[in-house]
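Here, each number is a calculation from the coordinates, and none is a lab measurement. Predicted, not measured: the structure shown is a model, and the values here were computed from it. Please note: Cβ atoms are built from the backbone with ideal geometry, for glycine as well, and neighbour counts cover all protein chains shown.
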Amino acid sequence: MEIEHFEHLSAVCKILNSLEDASSVIQQVVDSVSEFQDIDSAGVYVLDSSSGDYVLEYHAGLPTYFIDSYSRFEPGSALHEILNYDGNAFPDFPEESLFTVSSQVFLKGLFPLSLNETATSVMFIASSEPGTLPEEIRSIIKALLSMVKASVFRIAAENRALMSDREHSLLLERVRDPILALNDNLEVKYCNGAFRQLVCFEEGFIETAGFSEVAGNELGKLLQDRFDEVLDSDDGFCSTTCEFRERTFNTLISRTPDGLLVLMNDITEVEQMRKKSNFRERFESLLINISTDFIEMRGSALNLGINDALLNIGVSIEVDRAYFFQFSDELMIMNNTHEWCATNIQPMIDNMQGLRTDDYPWWMNRLNRHWALQIPRVSDLPSWAEAERELFESREIQSLLVVPVVHGRDLIGFLGFDSVNQERFWSEDIIDLLRIVGDAIGNALVRNRMEKELIEMYRRAEKEAQVNAVLLKEVNHRVKNNLSEIIGLLYAQKRFASNSDDFAEFVQNLISRIRGLATVHDMLSSSGWSPLELTRLARGIINKAIANVSDSKKLKASISKTSIHVNPNQAHALALILNELVRNSLKHALIDRDSLKIKVRMRRNRAGRITLVYSDNGPGYPEDVLEHDRKNLGLDLIQNLTIKNLQGELTLQNDGGASARISFCRTVTEDRTNESK
C-alpha cells in the first residue's frame, strides 16, 4: 500500500471515530473514497424495505443529471439486479447497463454494505474515464467499509447506553426531592432538576465540578463532614437533618462503588407542622399565664405587667416591635402608653402621643367594629388609607398585626405588632389567642380605673374642706397682691405727673394698666392659678390693648406659637410689661401713620432661659431712650418689672422699628420674695 493511501486511510479512520451518528459516518466515507486516484465519484444505494427500490441516499462527485435520473431503481430493472448482487467477485456488467451507456459515468466497482439486520446498502465507485480499478484501491475501500460497520455498531451501542442513561435521568427528574451522585473526589457526576433548582445551578456546568462549587459554601459546610464520615466508615451510610434556604431536609448519604449517592428528603412541611403544634402549645400556656396574672394586678404592677406581656408575646411570635395604644374617653385621641422593641429596632413611643383618630378614618372604621387588622404588606394598602400608610412607613413597618382591646362593647385601645425587617403573615389561631390577652388587658384597665375613681371620690370628699380653704387663701392672696400693684401704679403715676398733665390722660393710662392686670387675673383664675401659656397671655394682653383703637387705623399683631408656660407671678409682670409696650407703640408709632404691625416672638434655650422679643414697624425709639437719658413712667415700670419681678434683663434697640428684648429664667415654683416690691 502506498504511503499516501495509508495516511489518507488513517486520517479517515480518526474522523470516523469522532462522529456520533451513522449518516455522518457513511457520508464521510463516500466523500473520502471520491478523493482516491482513478475515482471521481461515489455513492450509496440503500434498499427501501417497503417498496423494494434501491434509493440513492449518499453521493459525492456525481453530475447533476445523474442524480436527477438515477436516484431510484425499481425491482426488475437491469441495474436493480446489479445492485442486488452480493457476490464477492466484481460482476460482469451487460453493455446495455445504464452505467455503461452514459459517456460520463463508468462504474468501477460495487461493494455490499450491511448496516443492520433490516437495511441492505451497496456502495458504487465510478469515474468519468473507463478503466479497471486497481486491486490496492479495492482493498482500501473494503477496509474503509469495515471501519464504517464498526463505527455504526459503536454509535448504536453508545445510543443504547445513552438511552438507558436518559431513561434513568428522566426517572430521577420526576423525583421532587433533590438527588445527586458524587465520585470519590466529591465531584458531581449527576444531579436532578430538584437539586439544581435548590442550589440555583445550571445543568451545563455540572460535569467535573466540585460539590461546594455546585452547591455553594453554605450547603458544602453543612454536608462536608458527613461525606467524610461516610467515606471513612464501614457502614457507608448516614442520615442527617439540615436546614438550607428556609427548607428542612432529612439527608440520606450512601456510599457507592465509585463515590456517594445523596438523597435530600424535603420534610419542611412536616417540620413546620411539628413546630407549629409545639409553638401553639407553648403560646397558649404563655397567654393563659399572662391573662391570669392580669386579674391580680393593680396600679404600677399593671403597667409593668403590660410591658412584660408585650416582651414575651413579641419574642414568641418573632416580631420587631410590640406596643399598646389607649384611646381617650371620646375616642378622639390615641396615645402609645407601652412599647417593647427588639434589638436594633428604633423605639417610637415618644413620637406616638396625642394622635388624632380623625386623621386615620380607615384604621378607626375597622377598630370601631372590633376587627383585628392584619396587613401583610404596607405598600398594598388601598388609596383611601393613605394617611395610615404614611404613618406605618414613617415607622419603617413592612407588615403589622393589630388586635382591638375591648371591654364589653367599649373600645379601650389596641395591641400592635410590627415586622420591620421582613414581611410577615399571622395565622388566625395566633390572632384569636391575642384577642384573649387584649380582653384581659381591657378588663384589668377598666377595673383599675373604677377602683381609682372610687378612691379619688373618697379622697376628694375627705379633703374638700381643706381644698376650699386653700383656694380661699390663694384668692385672698392674689387679690391683696393685685391691690398692692394698683396702689403702686397710682404712686408711680403721681411721681411722674406734673401740674400740666391732663387729668383725662392720667385716668386713661391708669385704666389701661389696671385693665392689663384684670386680663391676666382672669386668665389665671380660669386656669386654677396654674402656670400660664405665654402665647395665650401675650395674645390676651395685646388684643385687649388694641381693641379700643379707632377703626381708621389698621393694626395687625403677629404672636408666635409656643409651649412655654410661666408661673402666676411672672404672668403678672409680663402682662404689665406687654401692656406698656403696646401702649408705647399705639402712642408713638401710630403718629402720622394709618397702619401698624406688632410682632411678638418667644423662645427657650436648652438651659431653660426664656427670651421674649416685642417689636413694631414704627419709627423706633428716640436716641435718648436708647441711651437711658429719658425717664418716664412706662419705661421705668418695664425696667423695674424685668429686673425685680422677673430677675431678667431688658434690651432696647431699633431694628426696622422699636424692639424690646426681655430675657429671664422660668422657675418651677413661684418666687414670692418680690411680691412686696
Mind giving me the FRET efficiency for residue 342 and residue 525? R0 is 56 Å, r the Cβ-Cβ distance, nearest 0.05 is fine. 0.65
Sites residue 558 and residue 474 - FRET efficiency at Förster radius 30 Å, r taken between beta-carbons, to 0.05: 0.30
From fewest to most C-beta neighbours within 10 Å, the residues 211, 324 line up as 211, 324
Place a label point 7 angstrom from the Cα of residue 23 along the Cα-to-Cβ direction, then list the residues of the stretch 42-61 whose backbone nitrogen is under 13 Å away. 57-59
Taking N as the number of residues in the stretch 175-266, what value does Rg over Cα atoms divided by 2.2 N^0.38 Å take? 0.97
Going down the table (108/149; 554/644; 544/631), which pairs top 31 Å between alpha carbons? 554/644
FRET efficiency for residue 536 and residue 627, using Cβ-Cβ distance with R0 set to 30 Å, rounded to 0.05: 0.30
Among the lysines, which have Cα under 18 Å from the Cα of residue 463 when same-chain residues fewer than 8 positions away are ignored? 452, 473
Which shape class, rounded, prolate or oblate, goes with the stretch 279-319 when its Cα gyration tensor gives a ≥ b ≥ c as root eigenvalues, a/c under 1.5 marks rounded, and past that a/b bigger than b/c marks prolate? oblate
Could you work out how much longer the chain between residue 72 and residue 281 gets when fully extended? Use 0.36 nm per residue separation minus the Cα distance between them, nm to one decimal. 66.8 nm
Starting from the Cα of residue 333, move 7 Å in the Cα-to-Cβ direction to define the label point; list residues of the stretch 358-376 whose amide nitrogen is under 11 Å from there. none
